[in-house]
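Q: The structure is given below, and queries will be raised subsequently.
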Amino acid sequence: MMTKKDLWIHGTGMKEGALSKQLDIPVNENIPMSLLTRIKNAKIGQTVTNPTGTGRKYIKVTPLLKKRAVMAHTMKGFHSDDRLLTPTVIVTVCGALLLFYVSYKLVKSKKK
């Protein structure tokens, strides 16, 4: 049974297949990550060229399109496998956090 915590996506107000329809890509096909990245990095009002052969060639970035593309880009980063949590990644992230914490403490102690 799904809990309320599992259904957080329903609270975003996103409609299933709306981004695919907006890009003229069939709903059963994946939206290329390169296209999502271009839309995500573009400013609202700009026209983006589609680097892939699927969907529209030129796409005008609207606030709603950008919101949908950023959400899709973020969700494509979610993986069900454990490739993201390899020991190397965990050590690197922990090391970066430790380095940040130590430098923060040094800066804070110099201000006193």
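FYI, it's all coordinate maths here, none of it is from the lab. The model shown is predicted, which means the values in this text are computed figures rather than measured ones. Neighbour counts are summed over all protein chains in view; Cβ atoms, including those assigned to glycine, are modelled from backbone coordinates with ideal geometry.
Q: Say R0 is 35 Å: what FRET efficiency, to the nearest 0.05, do Y58 and N28 get from their beta-carbon distance? Working shown, then result.
A: On the way: r = 23 Å, r/R0 = 0.67.
It comes out at approximately 0.90.
Q: Label I44 and M14 with points 7 Å out from Cα along Cα→Cβ: what is the distance between them in nm?
A: For I44 paired with M14, the spin-label model returns 1.9 nm.
Q: Output the peptides 34-42, 56-64, 69-77 sorted from most to least packed, where packing is the average of other Cβ atoms within 10 Å over each peptide's residues.
A: Packing proxy ranking, top to bottom: 34-42, 69-77, 56-64.
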